[in-house]
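**Student:** Provided herewith is a single structure, encoded as structure tokens, for subsequent inquiry.
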Amino acid sequence: MGDVLKSDVTASSTSTRLTDGCIDSSPFECDYGRHLTVNNDYLYEERIIGVGNVGLFATMDITKGTVLFQEQPFVANASSAEEFEKELIENVQKACDFATQMEFEDLSDRIHQATVMNQGWYSEDEKYSPAVQKDLDRHFEIGMFAKFLLLPPELQQKWLSGHDAFQEISKVGVCAVGIFGLDGGLDLNGKIGKSTGYDDESKSYLVEVPGHDDLVAIKRENLKTPGGVFRCNAFPIGLLSLRARLNHACNNNMDAKIITNTQGGQECELRTNRDISQGEELTGCYLNWSEASTEYRRKALSAKYGFLCQCTACQNDEIVTNV
Ligand SMILES: [Zn+2]
């Protein structure tokens, strides 16, 4: 392990999107290309709406019920819980070093014991105890970066082009990380490296970066992980890059539906749910609820996606019905 390079890079605190859940000014590349099976892109355009913040906007008046696009996931979710577990174990065996494989096995055993013995639960609010939750988080982190490491570079780039509202990274184990939002100094933005530990003194992660002999100290806000981006951006069928460009509004004007294509694959179809005027922002809804107050919605969105909703329904404190 080389010496820690005290880089002269400084964090650009404005680089992360603060109000919505999907995009930051990420240097990671994202082309929608071949995963769009239907694309009526004359109806919408991507616009930058603030530092590190983009959205989709109507380029003309669009009538209710119009399809904007159909998109296949570029990373598909497993079809069942059993399939997911099997794939997870295989990925970790293929992609991770021996120490991480052992760590993963220990975590699996502990989680299994805690949940089977029912020792992990706080009965009053059905949450896991902090210790079990910590194990679950690390288990997920390893599973996700193993899956990530087995992908070709263009899909890794696409994965990391999504926003990570969490940036939770293990301080002891290894984790694949993407670097972004650094001002000046070393040309590290857009590189994919490996976090190997944490330096308490500089409050930075120690990252192995391809092309650098020494470890580079990087602060948490300039790193994202495959697991963090996945938690923030994944849909039930997997990771969708264009769908993820849609900002959230509790009174959204677009509806997403899962459809099965002729090859039996699953796609997300996006359709207007009311008439939309030229220039209006196109919005989706990240959560489902039957009827909810602004307080409830903001709390749920903040917990799951890490932002405070500023949609018109929230600003006007409206109750929203949404099934
Ligand atoms: Zn809202």
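**Student:** Using just the helices of the chain, give the 222 nm mean residue ellipticity in deg cm²/dmol: DSSP H runs with n ≥ 4 each add -39,500 (n - 2.57), and the total is spread over all residues, rounded to 500.
**Tutor:** For the chain, the value works out to -8500 deg cm²/dmol.
**Student:** Positive end of the charge dipole of the chain (Lys, Arg +1 and Asp, Glu -1 on Cβ, about the Cα centre): tell me which of Y198, C30, H212 has its Cα farthest that way.
**Tutor:** C30
**Student:** Now for a separate question. Just to confirm the number: angle between the C-alpha axis of helix 130-149 and the first principal axis of the chain, 0 to 90 degrees, nearest 10?
**Tutor:** Taking the Cα atoms of the chain, the angle to 130-149 is about 80 degrees.
**Student:** Separate question: Could you pull out every residue, at least 5 positions away or on a different chain, whose amide H is within less than 5 Å of the one on V75? Hs are placed 1.01 Å off N in the peptide plane, and Pro or chain starts have none.
**Tutor:** L239
**Student:** Given a cut-off of 31 Å, name the pairs among K64/K147; K257/K299; K147/K171; K134/K158 whose C-alpha atoms lie farther apart than that in the structure shown.
**Tutor:** Long pairs (Cα-Cα over 31 Å): K64/K147.
**Student:** What are the ³J(HN,Hα) values, in whole Hz, obtained from phi via the Karplus relation 6.51 cos²θ - 1.76 cosθ + 1.60 with θ = phi - 60°, for each residue of region 75-92 in sequence order, with x given for Gly and Pro?
**Tutor:** Residue by residue, region 75-92 yields 10, 8, 6, 4, 6, 8, 5, 5, 4, 4, 4, 4, 5, 4, 5, 4, 4, 5 Hz.
**Student:** Amide H neighbours of G197 under 5 Å, counting only residues 5+ apart in sequence or on other chains, H built in-plane at 1.01 Å?
**Tutor:** The answer is L206.
FYI, it's all coordinate maths here, none of it is from the lab. Not measured: the values here are computed from a predicted model. Cβ sites come from the backbone with ideal geometry, for glycine too, and all protein chains shown count toward neighbours.
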